[in-house]
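Trainee: Sharing a structure here in structure tokens format.
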Amino acid sequence: MKDKEESLLEKLRIPILLLVTFWIIAILFWLLKSNIFFLFNFGYIGTAIAIGMGAYELLPRKMKPAGRRFAQFLVGIYMLGFLGLIEYENMQIEGFFFYLLGGFFAASVIHYLVAKVFLPLLFGRGWCGWACWTAMVLDYLPYKRNKSGRFASGWEKIRYLHFGLSLSLVLIIWFYLGYRPKHMGTTELMWLITGNIFYFVSGIILAFALKDNRAFCKYLCPITTILKIGSRFALYKMQGDKNKCKQCLACTRACPMDINIPEYIKAGGRVLSTECILCQTCSTVCPEKNISMTSKWDIGGKEILRRRA
């Protein structure tokens with residue numbers, strides 16, 4: 001019985017760590033700002049992701065993706081549905097820029113600073129895999145595994161252009177047109193709706209055109225430009241034992257981000273790609289059960305990706 005309990009705790013150690021981390025953040029913000037919203041906000045998000053990750057660990061192999069999608073759904077309906085459509089808060093990256101310029105300590109600012117700047121130092125781009133409300137929809141499209149790999153690296157630079165255009169648009173509207181956003185208002189709501197329509201429509205079009213559900217993440221999403229910075233130093237990354245790896249390439253074929261995982265394993269290191277979204281699909285499909293999430297300090301950024309000829 002004791003061995004079973006230890007095995008269960010071992011399986012759930014990362015969801016528990018994530019849950020504790022979010023609740024510590026929730027309590028600290030609550031005490032510092034004397035506002036119970038922060039307790040609910042971070043407590044809810046952390047609990048939602050932890051439940052999804054816990055379900056992923058405990059469910060049978062074929063059902064594991066349901067745990068991740070459940071976490072995406074819980075976070076998505078809260079951040080896009082409640083904070084955005086009901087509370088009229090602009091959760092787009094432009095909202096983050098506007099609120100920073102306006103000095104608003106808004107939910108959008110807190111979300112980006114915590115989830116997109118600091119948490120990647122622990123969990124890399126785990127947000128993309130477990131909590132993104134755009135990917136929440138895109139992951140249900142039919143092209144879960146891209147058989148041909150990515151296009152040339154030049155395509156990936158489009159997302160940096162998108163980031164630059166978003167920032168430039170905000171600066172032009174702020175300094176030249178004199179626009180000053182409210183913390184919450186109908187203009188912010190319309191900006192949120194317009195931005196998300198663009199994200200969803202472009203993401204769906206790219207998915208069908210390139211036969212790749214995650215094409216939007218790879219080539220167009222401006223948020224990845226922020227996430228990739230902290231992800232280089234992420235404490236948690238995927239790793240495999242090079243002595244157990246049979247180089248069957250099952251993990252590479254299944255990876256939604258087209259990472260050539262065996263090359264990292266063969267080199268004796270962890271998966272150092274900042275494209276990794278910690279979805280753990282590689283761990284699920286590995287016939288040797290050789291890939292798992294590990295924690296130690298190293299520096300990522302070395303990109304070994306499967307590309308189209």
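The values are calculated or read from the model by the stated rules, or taken from the named source; none is laboratory data. Quantities reported herein were computed from a predicted structural model and do not represent experimental measurements. With ideal geometry, Cβ positions are generated from the backbone for all residues, glycine too; neighbour counts draw on all protein chains shown.
Trainee: Please determine, by comparing only the residues of region 180-193 that are part of a loop (DSSP other than H, G, I, E, B) and in contact (Cβ under 8 Å) with a residue 40 or more places away in the chain, which one is farthest from the chain's Cα centre (by Cα).
Mentor: Of the residues in region 180-193, the ones part of a loop (DSSP other than H, G, I, E, B) are 180-185.
Then keep just the ones that are in contact (Cβ under 8 Å) with a residue 40 or more places away in the chain; that gives 180-181, 183-185.
Working: 180: 30, 181: 27, 183: 25, 184: 25, 185: 27 Å.
Among those that are part of a loop (DSSP other than H, G, I, E, B) and in contact (Cβ under 8 Å) with a residue 40 or more places away in the chain, it is 180.
Trainee: Examine region 152-174 for a residue that is of a type in the set (Lys, Arg) and either in a loop (DSSP other than H, G, I, E, B) or touching a strand residue (DSSP E or B) at 6+ places or on another chain (Cβ under 6 Å) (or both), and state whether such a residue exists.
Mentor: Of all residues in region 152-174, those of a type in the set (Lys, Arg) come to 157, 159.
Of the ones still in play, those that are also either in a loop (DSSP other than H, G, I, E, B) or touching a strand residue (DSSP E or B) at 6+ places or on another chain (Cβ under 6 Å) (or both) are none.
No, that holds for no residue.
Trainee: Still on this structure, I have one more. Please verify whether residue 236 is among the aromatic types (Phe, Trp, Tyr), surrounded by 21 or more Cβ atoms within 10 Å (Cβ to Cβ) and under 22 Å from the mean Cα position of the chain (by Cα), treating the condition exactly as stated.
Mentor: Numbers: among the aromatic types (Phe, Trp, Tyr): yes; surrounded by 21 or more Cβ atoms within 10 Å (Cβ to Cβ): no; under 22 Å from the mean Cα position of the chain (by Cα): yes.
When the stated conditions are applied, residue 236 does not pass them.
Trainee: So how many residues does region 102-139 have that are assigned to a helix (DSSP H, G or I) and either closer than 13 Å to residue 227 by Cα or at pLDDT 90 or above (or both)?
Mentor: Count: 23.
Trainee: Being crowded, with 18+ Cβ neighbours inside 10 Å, under 26 Å from residue 71 (Cα atoms) and not aromatic (Phe, Trp, Tyr) narrows it down to one residue among 259, 229; which is it?
Mentor: On the way: 229 fails: crowded, with 18+ Cβ neighbours inside 10 Å.
Exactly one residue qualifies, and that residue is 259.
Trainee: Starting from residues that are out of contact with any strand residue (DSSP E or B) (no Cβ under 8 Å at 6 or more places or on another chain) and not β-branched (Val, Ile, Thr), keep the ones in region 263-287 and report whichever is surrounded by the most Cβ atoms within 10 Å (Cβ to Cβ).
Mentor: Going residue by residue through region 263-287, those that are out of contact with any strand residue (DSSP E or B) (no Cβ under 8 Å at 6 or more places or on another chain) are 263, 266-268, 274, 277, 279, 281, 284-285, 287.
Cutting the leftovers down to not β-branched (Val, Ile, Thr) gives us 263, 266-268, 279, 287.
Working: 263: 17, 266: 13, 267: 12, 268: 11, 279: 25, 287: 9.
Filtering region 263-287 for residues that are out of contact with any strand residue (DSSP E or B) (no Cβ under 8 Å at 6 or more places or on another chain) and not β-branched (Val, Ile, Thr), the one surrounded by the most Cβ atoms within 10 Å (Cβ to Cβ) comes out as 279.
Trainee: Out of region 14-31, which residues are over 11 Å from residue 43 (Cβ atoms) and touching a residue at least 40 places away in the same chain (Cβ under 8 Å)?
Mentor: 14, 15, 18, 21, listed by residue number.
Trainee: Has region 71-80 got at least one residue that is in a loop (DSSP other than H, G, I, E, B), surrounded by fewer than 19 Cβ atoms within 10 Å (Cβ to Cβ) and in contact (Cβ under 8 Å) with a residue 60 or more places away in the chain?
Mentor: If we filter region 71-80 for residues that are in a loop (DSSP other than H, G, I, E, B), which is where we start, we get none.
The answer is no, given that none of the residues of region 71-80 is in a loop (DSSP other than H, G, I, E, B), surrounded by fewer than 19 Cβ atoms within 10 Å (Cβ to Cβ) and in contact (Cβ under 8 Å) with a residue 60 or more places away in the chain.
Trainee: Within region 253-262, can you find the residues that are modelled with pLDDT of 95 or more and not in a loop (DSSP other than H, G, I, E, B)?
Mentor: 259, 261, 262, listed by residue number.
Trainee: A follow-up question, please. Taking the criterion of being closer than 30 Å to residue 271 by Cβ and buried (at least 20 other Cβ atoms within 10 Å of the Cβ), would at least one residue in region 174-186 satisfy it? Quick ask: steps written out before the conclusion?
Mentor: Residues of region 174-186 closer than 30 Å to residue 271 by Cβ: none.
Checked against the condition, which is being closer than 30 Å to residue 271 by Cβ and buried (at least 20 other Cβ atoms within 10 Å of the Cβ), region 174-186 yields no hits at all.
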